[in-house]
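Reading through the structure tokens given below for one structure.
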Amino acid sequence: MAATTADLKQRLRRTERRRRLGSLGLFAPSVIFLLIFFALPIALMLYRAVQNPEVANTFPESMAAIQQWDGEGMPGEPIVAEFAQELRDARDERQLSAPGRRLDYEIAGYRGLLRATAFGLPDEEPEASWTETLIGIDPRWEETQYWQALKENASPFTLDYVLTALDLEWAEDGGLQWVSEHQAIYLDLYERTLWMAFVITLAALLLGYPIAFLMTNSSRRVQGILLVLVLLPFWTSLLVRTASWMVLLSRSGPINTLLVNLGLTDAPLELLYNRFGVYVGMIHILLPFMIMPLYAVMRGIPHSHMRAAASLGAPPLRAFRRVYLPQTMPGIAAGCLLVFILAIGFYITPALLGGNEDQMISYFIAYHTNETLNWGLAAALGVILLLMIFVLYAIFTRLTGTGRIQMGT
Amino acid sequence: MSVARNITLGLAATALGSMTLAGIAAAQDRDLTVVGWGGSYQDQQGIAYFEPFTEETGIPILEESFNGGLSNIMSMVETDSVVWDVVQLEDPELQRACQQGYLERLPWDEIGGRDDFIDGGSSECGAGTIVWSIVNAYNTDEVEGTPSGWDDFFNVEEFPGKRGLRRGAKFNLELALMADGVAPEDVYETLSTEEGVDRAFAKLDELKEHIQWWEAGAQPPEWVASGDVAMTTAYNGRIDKAQTEGQPVDIAWEGQIYAIDSWAIISGTSNKDEAVEFIKYVSEPENMSRLQQHIAYGPTKEAAFESVPEEMAPRLPTAPDNLEGALLNSTEFWVDNQERLDRRFNAWASQ
Amino acid sequence: MAAPSYATKPQVVGHYGLRIFVALVCVFLVAPIFAIIPLSFSSGTFLSYPMPGFSFRWYEEVLAPRPWMFTLRNSLFVAIGATIFSTTLGTLAALAMARKNLRSLPVINAFLLAPMIVPLIITAVGLYFFFAQLGLTNSFTGLIIAHTALCLPFVLVTVAATLEGFDGTLVRAAQSLGAPPLTVFRRVILPIISPGVASGALFAFAISFDEVVVAVFLAGPTQRTLPKQMFSGLRENIDPSILAMATLLVVMATGLMIVAGLLKRRSERMRGLSG
């Protein structure tokens, strides 16, 4: 009977702390798993956007030394000699392709120069100086720019990829400038990606709002049918739906056949491998993601509000605009942001239904990872895409509470 | 006690999971993976080579296909995760990959020597498998008249409709120059100057809005047969195949660009012995010539020419009629220039 | 459904206009899913109407060991593995979430949902380089780990939704009666949340089974999954065997949807949410 209030409070606090620790324990496996197999890999990948290991790692001694060179004429014989020997080692260990590719970004043809020089180097100490030997193999070694390119890549970090991803380059005077017009690709790409996502979001809203509205304001039977019609595409494989659009939209597909037979058009329309095809496919895939949040919000709005407005003499359209629409704003915001976020990361659908000019950021990340093997640039594009997503996701969480996303069923 | 229990429960689940996964990982073994160019050609390779090989040697083959280029191979070797063993490469890629150490040097004494191969059919890292060509293929329903040569390919007024071209600089620059009036024998000389390259791109500019790019060899026959494109460049064997299957397509041979493809072994593969055995098998003339029963690509050994079926001979790229005005794709030129020109091509194409 | 008799003319127009519009959108939603089914029975090699004839030849092709059945087996293996792991992890996290006793909850929640939000290409490329260093590219292990990460948030969201409105007094009652935590979990919590866990698992399965971007980067020839096979098929040459496979997948999707619906109803009944 000696238990005082203070004692009780303390015990209560202890229990609560234990329960909190228990919650952490339940979270721990997921959090640790995702830290190791999701967050860490992505962080390491993004880090590649500023890493520049190819040249510095392949020629460590000479690149440490070349930092001291003033950038005029050629570096001194000791540096050149060190470089030549490291080049030879790299050749023997078949390590030439990575630095070659990196230096080729600086000066076209550098890779060939490096390779030819490496295979032309004597295995013994040359009789003449290493400088002369190099120039003897290829006179380009006399040009300062090739050595400057080495010096610029002697540091293991670079901003070049990020700049390229922003269509920027270093100017002669050391400042930044926009790249020439025929090289500029990426700002257009971001604009295009955002614009396409915007169009798709808007279209999904215009198509999805009435469905969600009817789903909440009709008999149980109609409601059930509509729900099935919305959920079936949601559960159906994305590739199946994309395949089916490829069939439907092709030149000899059913839509074109119908249009021609009805006499609406003389020749079949080009519906596939262009922007139209991408829009149709993506709207179709993302529409359920718009409808679900709308439906969730609309279900919570009592019918009595609209009826009250109507009984007060408001015409239906105005009642809708002034009473109903504002109450569905959270659903609109959630649906639009969700669709927008998902849309700017799309890869498969534009790759299959679009042409060259309809590809979004993801396509270029894949392209530079798989095709050009320019992994630094792929990472830089990834950083930009992820930044866009994070900003939007932050807004999304702000608007919908703790980031609750209504899915499925 | 619930704290400890919860944590233990969670950690146990994770640990159990990891252990199971590790168990699965340890049990992995890879079949000999042979990488071809997909579509109807690879189907025929399966009948002519892969199935008989497995039957005779007991070595199972896992098939994979790709669309050429070196990027897959390079990233596989550079990230030290090689999962291809034997791959079929175009000649310039073969030589570049060989120089840069992405391919194994072939043990020619085990395979049976290089002497029987035709000129350019064997090299340090590659054993030739077919002579093939890029041809102008057209839909006989959509195209009125008979186009010939690449100038007709570029003539969208007389032959309206879309055009299919293989994505990349190789072949397109050559055929653009031929369309612009450069004789086949002068093509590479012209291309080796900056003006020549500009000229080729300028010619391609004229056609740009009509072009639908293909990457996989299976695409152009399908597009041209369905009328999605009126004319397209294509690998000759696949068009021939579609034609014999009754599709409304035909080949305009003039100006065909022919070349040799070879088998090569990826550097660092764990299945090297099986890979060598495979190359040895498909290089035996009597095995090699089995492909010509099925598809119109030429063999790379003189001895194999003898058993080419009579009705197939005139449909091969090397048939005398077809060689008129033909261009041999230059390995030398593309080894030196492909990366530079592909980069320019990509910038041009994405604008 | 007719418009009410007292409605004015514009209201009638609006009433039917809305319904016609919604009907058209519904056609847009489901037509593509069903339009391809007839073509999968075509006897020709072309993907266009009119069909030259009826045949099962493409289904025979789909049932052949290579490539379809081989990739189907791989996909099932990966999806089942990923489902088991993600359901375990996700359910534990959802239980923690339902306790609502952590101040850092929103942060943890946002972090756990990130795989759903981060574009797949970024996850795929990140894991590609990461796994290359660990020797896990081109392995089932790598693929299952990656898919587990992708499926986890879907399980979490689904299970957390069933725990919403979960009556905490039941747990406390059991505890006060002296039941140890594991017993409470097994006898009280699990029966109530099991429909939610099952729909979470269903979801995870569907996500993994359909995932293509990560598979393109991480699966080698030995692990080639069904979606990867379909993707390269669609990119290169669509032949009707893809449509036959697609038809089977539509059938499967319908099944999944029905089961998910039943589970949801059951879960709502268990929690006394619907009458």
Let me spell it out: the conditions are (1) surrounded by fewer than 21 Cβ atoms within 10 Å (Cβ to Cβ); (2) part of a strand (DSSP E or B), and residue B:134 meets all of them except one. Which number is the exception?
(1)
Quick one: which residue in A:150, A:202 is within 33 Å of the chain's Cα centre (by Cα), in the same structural domain as residue A:389 (by TED's automatic domain parsing) and in a helix (DSSP H, G or I)?
A:202
Among the residues that make up the range B:272-286, is at least one of them within 17 Å of residue B:48 (Cα to Cα), among the basic types (Lys, Arg) and in a helix (DSSP H, G or I)?
yes
Can you work out which of the residues in the range A:166-188 that are among the aliphatic types (A, V, I, L, M) and away from every other protein chain (no Cβ under 14 Å) is nearest to the chain's Cα centre (by Cα)?
A:166
Residue check for residue A:239: more than 9 Å from chain C (Cβ to nearest Cβ) and either buried (at least 16 other Cβ atoms within 10 Å of the Cβ) or without any contact (Cβ under 8 Å) to a residue 60 or more places away in the chain (or both):
no
Residues that are within 11 Å of chain A (Cβ to nearest Cβ), modelled with pLDDT under 85, surrounded by 20 or more Cβ atoms within 10 Å (Cβ to Cβ) and in a loop (DSSP other than H, G, I, E, B): does the range C:35-55 have at least one?
yes
Within the range C:98-137, which residues are farther than 30 Å from residue A:367 by Cβ and either aromatic (Phe, Trp, Tyr) or more than 8 Å from chain A (Cβ to nearest Cβ) (or both)?
C:98, C:100, C:103, C:104, C:107
Report yes if residue A:133 is assigned to a helix (DSSP H, G or I) and not assigned by TED's automatic domain parsing to the domain that holds residue A:102, otherwise no.
no
Before we move on, is residue C:111 in contact (Cβ under 8 Å) with a residue 12 or more places away in the chain, part of a helix (DSSP H, G or I) and of a type in the set (Phe, Trp, Tyr)?
no
Scope the range A:33-62; condition more than 7 Å from every other protein chain (Cβ to nearest Cβ) and farther than 22 Å from residue B:78 by Cβ; matching residues
A:35, A:36, A:39, A:61, A:62
Checking the condition at pLDDT below 95, more than 14 Å from chain A (Cβ to nearest Cβ), touching a helix residue (DSSP H, G or I) at 6+ places or on another chain (Cβ under 8 Å) and under 22 Å from residue C:65 (Cβ atoms), which residue from B:56, B:63 passes?
B:63
Taking interchain pairs and intrachain pairs at least six residues apart, which have beta carbon atoms under 7 angstrom, with the first residue in the range B:238-253 and part of a helix (DSSP H, G or I) and the second of a type in the set (Lys, Arg)?
B:240/B:315
Sort out which residues of the range A:346-362 are surrounded by 21 or more Cβ atoms within 10 Å (Cβ to Cβ) and either more than 8 Å from chain C (Cβ to nearest Cβ) or under 15 Å from residue A:194 (Cβ atoms) (or both), and write them in order of number.
A:346, A:349, A:350, A:353, A:354, A:359, A:360, A:361, A:362
Which numbered condition in (1) crowded, with 22+ Cβ neighbours inside 10 Å; (2) touching a residue at least 40 places away in the same chain (Cβ under 8 Å) is the only one that residue A:299 fails?
(1)
Options A:278, A:228: the member that is within 12 Å of chain C (Cβ to nearest Cβ) and in a helix (DSSP H, G or I):
A:228
Residue C:178 fails exactly one of (1) modelled with pLDDT of 85 or more; (2) in a helix (DSSP H, G or I), namely (2)
Out of all the residues in the range A:299-319, which are modelled with pLDDT of 85 or more and farther than 20 Å from residue C:158 by Cα?
A:301, A:302
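Conditions (1) under 17 Å from residue B:227 (Cβ atoms); (2) within 24 Å of the chain's Cα centre (by Cα); (3) not assigned by TED's automatic domain parsing to the domain that holds residue B:341, marked per residue:
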{"residue": "B:160", "(1), (2), (3)": "yes, no, no"}
{"residue": "B:167", "(1), (2), (3)": "no, yes, no"}
{"residue": "B:174", "(1), (2), (3)": "no, yes, no"}
{"residue": "B:178", "(1), (2), (3)": "no, yes, no"}
{"residue": "B:182", "(1), (2), (3)": "no, no, no"}
{"residue": "B:187", "(1), (2), (3)": "no, yes, no"}
{"residue": "B:204", "(1), (2), (3)": "no, yes, no"}
Here is a list of conditions, (1) over 26 Å from residue B:263 (Cβ atoms); (2) assigned to a loop (DSSP other than H, G, I, E, B), and residue B:217 meets all of them except one; can you say which number that is?
(1)
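Matching residues to (1) hydrophobic (A, V, I, L, M, F, W, C); (2) surrounded by fewer than 24 Cβ atoms within 10 Å (Cβ to Cβ); (3) at pLDDT below 95:
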| site | (1), (2), (3) |
| --- | --- |
| B:178 | yes, no, no |
| B:196 | no, yes, no |
| B:214 | yes, yes, yes |
| B:239 | yes, no, no |
Residues within the range C:237-275 that are touching a Gly at 6+ places or on another chain (Cβ under 6 Å) and outside any loop (DSSP other than H, G, I, E, B), tallied
2
Out of all the residues in the range C:121-137, which are farther than 11 Å from residue A:41 by Cβ and buried (at least 24 other Cβ atoms within 10 Å of the Cβ)?
C:121, C:137
Just to verify a result, which residue in the range B:100-121, among those that are more than 30 Å from residue B:242 (Cα to Cα), in contact (Cβ under 8 Å) with a residue 40 or more places away in the chain and not in a loop (DSSP other than H, G, I, E, B), is nearest to the chain's Cα centre (by Cα)?
B:103
Residues that are buried (at least 22 other Cβ atoms within 10 Å of the Cβ) and either within 14 Å of chain C (Cβ to nearest Cβ) or out of contact with any Lys or Arg (no Cβ under 6 Å at 6 or more places or on another chain) (or both), drawn from the range A:63-79
A:63, A:75, A:79
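The values are calculated or read from the model by the stated rules, or taken from the named source; none is laboratory data. None of the values given here were measured: they were computed from a predicted structure. Reconstructed Cβ throughout: ideal geometry from the backbone, glycine too, with neighbour counts over all protein chains shown.
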